[in-house]
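Single-structure report; data block below.
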Number of protein chains: 2
Amino acid sequence: MATPQDRQLVEQWRSIQTTYFHTAGALERALASKFSIGLTEFEILDLVAESTDAACRMKQLGERTPMTQSAMSKVVDRLDKAGLISRQSCEDDRRSLFLELTDAGRALHREAAVEHRALLRENLGKD
Amino acid sequence: MATPQDRQLVEQWRSIQTTYFHTAGALERALASKFSIGLTEFEILDLVAESTDAACRMKQLGERTPMTQSAMSKVVDRLDKAGLISRQSCEDDRRSLFLELTDAGRALHREAAVEHRALLRENLGKD
DNA sequence: ACAACATATATGACGCGTCATTGAATGACA
DNA sequence: TGTCATTCAATGACGCGTCATATATGTTGT
């Protein structure tokens, strides 16, 4: 029943899990303690920050992250309440939302990104 | 500020996240609908099932998974309540717990493992 | 034998993600 | 134009994981 291929798959999966948990945990803790935001919050900031064009974004952001639509909605809500992002409704399709970093959001992202990259280097990099 | 190395790290990280989320999600849904257990429950069953020696395990299991001690405790508690695992206190160190699959647990694990491996193959395998 | 410390597991409060659903706007087409 | 289906986002109920602790047991040094 337990073929060698199966064992190898399981090993591979556990390795992904371990990397994911350790890295996500480290990011989570660092971002929370230094910037009072969660990892998912940072990730949305990061996506919005690197998005060049000015389309109706909420939706398209969903295509660039494995997050659920519902999760995104709540994260964005928190970011909005924290004054880091602004939601403005889109003219040509009033179901859609247009996201934009506030100045505070941009500033926080700039600092947090440094920490984020550093931790990725520590956790994923070939030291 | 955004060096090519940074971008590459971020890409690598997003790729891990995507794989993790998609695979974990698929496993979660399949195990829940077909066997009424969560992914973490299955993972504990899996670890206990493959554990050959009969040591006081709770602790050592913690070393083989990225799960928190607290998370493990709760998962094991659920498995116990579901009648899939039994906890017996360890003679030589009464702080420790000794875990063992029940017959029901062993049976469920056998079936669920097939599904689990199949989904890993789908999600991680080079199709 | 007694502190003081260390280790194994459990638990409660809390935050976040998920699912299912809702509300609103749009599209398609007779 | 009116209906029916589709799409975008928000929401409430719920379950799980995390942190900080609690509880019990063990160990060490004097």
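Just so it is clear, none of the values below were taken in a lab; they were calculated from the coordinates. From a predicted model like this one, the values you see are computed outputs, not experimental measurements. Neighbour counts are summed over all protein chains in view; Cβ atoms, including those assigned to glycine, are modelled from backbone coordinates with ideal geometry.
Filtering segment A:69-84 to residues that are surrounded by 13 or more Cβ atoms within 10 Å (Cβ to Cβ) and either more than 7 Å from DNA strand C (Cβ to nearest atom) or within 16 Å of B:THR18 (Cβ to Cβ) (or both) leaves A:ALA71, A:MET72, A:SER73, A:VAL76, A:LEU79, A:ASP80, A:ALA82, A:LEU84. Return the residues of segment A:1-21 that are outside any loop (DSSP other than H, G, I, E, B) and either under 12 Å from the mean Cα position of the chain (by Cα) or exposed (fewer than 13 other Cβ atoms within 10 Å of the Cβ) (or both); say none if nothing qualifies. Result: A:PRO4, A:GLN5, A:ARG7, A:GLU11, A:SER15.
Which members of segment B:85-127 meet the condition of being of a type in the set (A, V, I, L, M, F, W, C) and in a loop (DSSP other than H, G, I, E, B)?
B:CYS90
Restricting segment A:85-96 to residues that are of a type outside the set (Asp, Glu) and either near DNA strand C (Cβ under 10 Å from one of its atoms) or out of contact with any Ser or Thr (no Cβ under 6 Å at 6 or more places or on another chain) (or both), the residue that is farthest from the other protein chains (Cβ to nearest Cβ) is A:ARG94. Residue check: A:LEU31 meets all listed conditions (1) without any contact (Cβ under 8 Å) to a residue 60 or more places away in the chain; (2) part of a helix (DSSP H, G or I); (3) in contact with a Phe, Trp or Tyr (Cβ under 9 Å, 6 or more places away or on another chain) but one, namely (1).
Could you tell me whether A:GLN5 is more than 16 Å from DNA strand C (Cβ to nearest atom), within 9 Å of another protein chain (Cβ to nearest Cβ) and of a type outside the set (Phe, Trp, Tyr)? Criteria met by A:GLN5.
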